[in-house]
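Heads up, the thing below is written out as structure tokens.
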Amino acid sequence: MKNIVILTGAGISAESGLATFRGPDGLWEGHRVEDVCTPEAYSRDPTLVHQFYDARRAKLGEVEPNAAHLALARLDREWPGELLLVTQNVDDLHERAGSKRLLHMHGELTSGWCLACDERFAWAGPMGELASCPVCQVAGRVRPDIVWFGEMPYDMDRIERALMDCDLFVSIGTSGAVYPAAGFVQTVRYCGARTLEINLEPSQGSIFFDERRYGPAGIEVPKWIE
Ligand code: BJW
């Protein structure tokens with residue numbers, strides 16, 4: 001029985017209409033992701049950072065899972081072995097497609113985090129810097145529940161265990177520019193797993209993959225799974 005770990009990035013949601021981070025359209029109002037997605041940027045200009053996430057949260061309501069998300073959800077339902085889908089994406093398109101064995105290593109747009117009481121809570125509407133925490137009611141201390149540069153990604157223990165136990169590692173729609181996710185392929189190779197990259201173009205780590213398929217995820221992922 002084969003154990004599979006699948007890593008997804010922004011490219012899998014591109015055909016649903018969500019912008020990637022580093023492509024030609026990968027800038028948000030002229031800001032580089034590295035300038036908005038840091039705790040320092042948030043301390044310096046919380047309004048700007050909240051605007052960035054409010055805009056992306058609003059966009060979520062306009063988009064739907066695409067053929068790649070749906071194919072991975074079917075694989076999750078039908079695969080009899082261990083399977084873990086690790087997404088770097090903060091959108092909810094994998095769960096809306098039906099994936100269940102899923103971890104969001106960089107957090108979720110629909111989650112808020114209160115720095116006063118340390119509770120996480122579901123957040124659907126705009127999250128202005130002065131909003132109150134629905135748990136402790138303290139105002140002005142809620143932030144997006146997102147992993148920024150310099151912060152520890154979520155569920156790393158579980159992810160590392162799954163990487164060490166997997167037979168097949170598949171990376172889909174990620175540029176391989178951001179660690180630790182960019183290093184997963186080298187971890188699994190060291191442990192003897194087979195590796196497959198599906199992306200629009202070779203990623204920064206493409207040489208580490210045994211097999212590479214280049215094209216839109218909406219076509220290449222269903223083709224791989226069939
Ligand atoms: C398609 C397609 C279609 C398009 N079909 N494909 C120096 C060296 C090494 C590391 C570091 C370093 N300096 C600092 C670091 C660490 C840092 C890092 O990696 N920095 C790099 C810039 C070098 N990492 C961190 O700080 C992380 N934390 C950390 O390391 O903690 C310490 C630690 C130690 C030990 C173990 C574990 C941890 C935290 C990283 C947080 C990243 N956060 C962001 C933003 C927040 C989320 C959000 O707002 O959405 O996460 S940054 C941004 O990049 C976002 C993404 O999840 C992430 C990855 O981007 P992704 O998904 O790859 O998107 P793109 O746009 O880059 O690529 C899309 C790809 O799709 C492209 O290749 C297209 O071709 C393709 N594509 N259309 C198929 N239709």
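The values are calculated or read from the model by the stated rules, or taken from the named source; none is laboratory data. What you are looking at is a predicted structure, and each value in this text was computed from that prediction instead of being measured. We place every Cβ from the backbone using ideal geometry, glycine too, and count neighbours over all the protein chains shown.
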Could you list, in sequence order, all residues of the range 130-152 that are surrounded by 15 or more Cβ atoms within 10 Å (Cβ to Cβ) and in contact with a Phe, Trp or Tyr (Cβ under 9 Å, 6 or more places away or on another chain)? Ala131, Cys133, Val135, Val142, Arg143, Pro144, Asp145, Ile146, Val147, Trp148
Output the residues belonging to the range 42-69 that are within 11 Å of the ligand (Cβ to nearest atom), in contact with a helix residue (DSSP H, G or I) (Cβ under 7 Å, 6 or more places away or on another chain) and modelled with pLDDT of 90 or more. Asn66, Ala67, Ala68
Within the range 131-160, the count of residues that are within 14 Å of the ligand (Cβ to nearest atom) and either farther than 22 Å from Val36 by Cα or in contact (Cβ under 8 Å) with a residue 60 or more places away in the chain (or both) comes to 13
Every residue in the range 169-219 that is part of a helix (DSSP H, G or I), touching a Lys or Arg at 6+ places or on another chain (Cβ under 9 Å) and closer than 17 Å to Asn3 by Cα, please. Val188
Can you list residue pairs whose Cβ atoms sit under 7 Å apart, with the first residue in the range 64-86 being in the same structural domain as Gly218 (by TED's automatic domain parsing) and the second being at pLDDT below 95 and of a type outside the set (Asp, Glu)? Count only pairs 6 or more apart in sequence or on different chains. Pro80/Met1; Gly81/Met1; Gly81/Lys2
On the given criteria, is Ala116 assigned by TED's automatic domain parsing to the domain that holds His50 and exposed (fewer than 14 other Cβ atoms within 10 Å of the Cβ)? no
Within the group Gly192, Gly183, which residue is at pLDDT 95 or above, assigned by TED's automatic domain parsing to the domain that holds Ala10, in contact with a Gly (Cβ under 9 Å, 6 or more places away or on another chain) and not β-branched (Val, Ile, Thr)? Gly183
Quick test of your reading of the structure: Gly218 fulfils all but one of (1) assigned by TED's automatic domain parsing to the domain that holds Asp91; (2) buried (at least 21 other Cβ atoms within 10 Å of the Cβ). Name the failing condition by number. (2)
Any chance Arg32 is loosely packed, with under 15 Cβ neighbours inside 10 Å and at pLDDT 90 or above: no
Matching residues in the range 161-176 - criterion: being surrounded by fewer than 17 Cβ atoms within 10 Å (Cβ to Cβ) and touching a residue at least 12 places away in the same chain (Cβ under 8 Å): Met164, Asp165, Asp167
Helices (runs of 4 or more DSSP H) enclosed by the range 1-104 - at least 2 residues per element that are within 18 Å of the chain's Cα centre (by Cα): 11-14, 33-36, 46-60, 67-78, 93-97
Can you pull out the residues in the range 113-164 that are part of a loop (DSSP other than H, G, I, E, B), modelled with pLDDT of 95 or more and of a type in the set (Val, Ile, Thr)? Val147
Residue check, Leu85 against (1) modelled with pLDDT under 90; (2) surrounded by 21 or more Cβ atoms within 10 Å (Cβ to Cβ); (3) more than 10 Å from the ligand (Cβ to nearest atom), all met but one. Which one? (1)
